[in-house]
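Novice: One structure, as structure tokens, below. Some questions next.
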Amino acid sequence: MNYNRIYWYRFKGVDKAKKKIIWKEIANFFHHKLGSPQKILDSAGGMCEFINASPSQEKWVIDIEESVKDFVEGDVKTIVGDVLKVDIPKNYFDAVFISNFLEHLSSQQEVAHFLGRMYENIRPGGKIAIIGPNFKYAYKEYFDFADHTVILSELAVEEHLYGAGFELLETHPRFLPLSFRGKLPVHKLLARLYLNMPFIWFLFGKQFLIIAEKK
């Protein structure tokens, strides 16, 4: 699959400045949620919006596409390769962030294997945050994306995380809208308000948010 061309086509009509504003607020939100981690891994960085904006001191990103190097900014350790196979340190990271990746894997077994690897890479007491489309609320659009293969809900991901060894801390079946294709106006204060008002997530959210910890 030619991910570079697919993602260019997918995001060709999306305002990059709009995405950057949103991801800055998302990165700050998760920095707080994850306990201000010093060492953080974005395990499928894509265009690196999250890892570039993260306030963490030591930042790592992994992506299967060489083009990740074109997007990364600043002092971010960049690994190009299959996250299921690349060599990364065990019991090392304070936090791992996963956004819109699990649904790209080939099977439920591969999801389990991936989360098992992440468990090994996180230090005891470290946390994992996962965002992804919730099939319950996005079933009409779920397969409008060429790289979506595995059907997941927040309950399935909870089971996968617990099976991998994590202890669940919080789950939100609805968190963010499904994509950046919407025409809603974006301002950093509006984005910040939305992220800090979970009682309105159910109005727009079609992605789940799950946070878990390695005890």
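Laboratory data are not the source of any read-out in this text; all were calculated from the coordinates shown. All values derive from a computational prediction rather than experimental measurement. Glycine gets a Cβ as well: all are built from the backbone with ideal geometry, and neighbour counts include every protein chain shown.
Novice: Between Tyr3 and Lys136, what length in nm is gained on full extension when 0.36 nm per residue of separation is reduced by their alpha carbon distance?
Specialist: Details: separation 133, 0.36 × 133 = 47.88 nm, distance 2.59 nm.
Length difference between fully extended and current span is 45.3 nm.
Novice: Please build a GNM for the chain, connecting alpha carbons under 10 Å apart, and tell me which residue among Gly205, Gly163, Gly116 fluctuates the most.
Specialist: Largest GNM mean-square fluctuation: Gly163.
Novice: OK, next. Please label the shape of the range 103-215 as rounded, prolate or oblate, based on the square roots a ≥ b ≥ c of the eigenvalues of the alpha-carbon gyration tensor (a/c under 1.5 means rounded; beyond that, a/b larger than b/c means prolate, else oblate). Display every interim value, and only then the final one.
Specialist: Numbers: a/c = 2.23, a/b = 1.35, b/c = 1.65.
Because a/c hits 1.5 or more and a/b fails to exceed b/c, the range 103-215 counts as oblate.
Novice: OK, next. What size of dipole, in debye to the nearest 20, comes out for the chain about its Cα centre when the only charges are +1 on Lys and Arg C-beta atoms and -1 on Asp and Glu C-beta atoms? Write out the running numbers ahead of the final one.
Specialist: On the way: 28 positive and 26 negative charges, 147 e Å.
Charge dipole, the chain, about its Cα centre: 700 debye, nearest 20.
Novice: Grab the other residues whose beta carbon is less than 12 angstrom from that of Lys59, score K and R as +1, D and E as -1, and report the net. Intermediate values should be presented prior to the final figure.
Specialist: On the way: positive: Lys39, Lys77; negative: Asp42, Glu58, Glu73, Asp75, Asp94.
With Lys, Arg at +1 and Asp, Glu at -1, the neighbours total -3.
Novice: With an 8 Å Cα cut-off and a minimum separation of 6 or more residues, compute the relative contact order for the range 3-213 in percent.
Specialist: Numbers: 375 pairs, mean separation 41.5, N = 211.
The value is 20 percent.
Novice: Bin all alpha-carbon pair distances of the range 40-85 at 5 Å intervals from 0 and give each bin's fraction as a whole percent.
Specialist: With 5 Å bins starting at 0, P(r) equals 5, 27, 40, 19, 8, 1.
Novice: On a full-extension model of 0.36 nm per residue, what is the gain between Ser106 and Arg123, subtracting their alpha-carbon distance, rounded to one decimal in nm?
Specialist: Extra length from Ser106 to Arg123 when fully extended: 3.4 nm.
Novice: Which value in nm describes the separation of the simple spin-label points at Leu190 and Leu155, placed 7 Å from the Cα toward the beta carbon?
Specialist: 3.5
Novice: Around Leu209, with a cut-off of 13 angstrom between Cβ atoms, what is the net charge of the other residues, counting Lys and Arg +1 and Asp and Glu -1?
Specialist: Details: positive: Lys33, Lys127, Arg174, Lys206; negative: Glu154, Glu158, Glu170.
Once all neighbours under 13 Å are counted, the net charge is +1.
Novice: If you count, for each residue, the other Cβ atoms within 10 Å and average over each peptide, how do 3-9, 71-77, 60-66 line up from highest to lowest?
Specialist: Working: 3-9: 12.6, 71-77: 14.3, 60-66: 20.1.
Ranked by mean Cβ neighbours within 10 Å, highest first: 60-66, 71-77, 3-9.
Novice: Step through the table entries Lys33/Lys59; Lys20/Lys77; Lys33/Lys136; Lys16/Lys206; Lys16/Lys188; Lys20/Lys215, compare each Cα-Cα distance with 23 Å, and write down the pairs that go over it. Mind showing how you got there, number by number?
Specialist: Values: Lys33/Lys59 17 Å; Lys20/Lys77 20 Å; Lys33/Lys136 25 Å; Lys16/Lys206 21 Å; Lys16/Lys188 14 Å; Lys20/Lys215 33 Å.
Among Lys33/Lys59; Lys20/Lys77; Lys33/Lys136; Lys16/Lys206; Lys16/Lys188; Lys20/Lys215, the Cα-Cα distance tops 23 Å for Lys33/Lys136; Lys20/Lys215.
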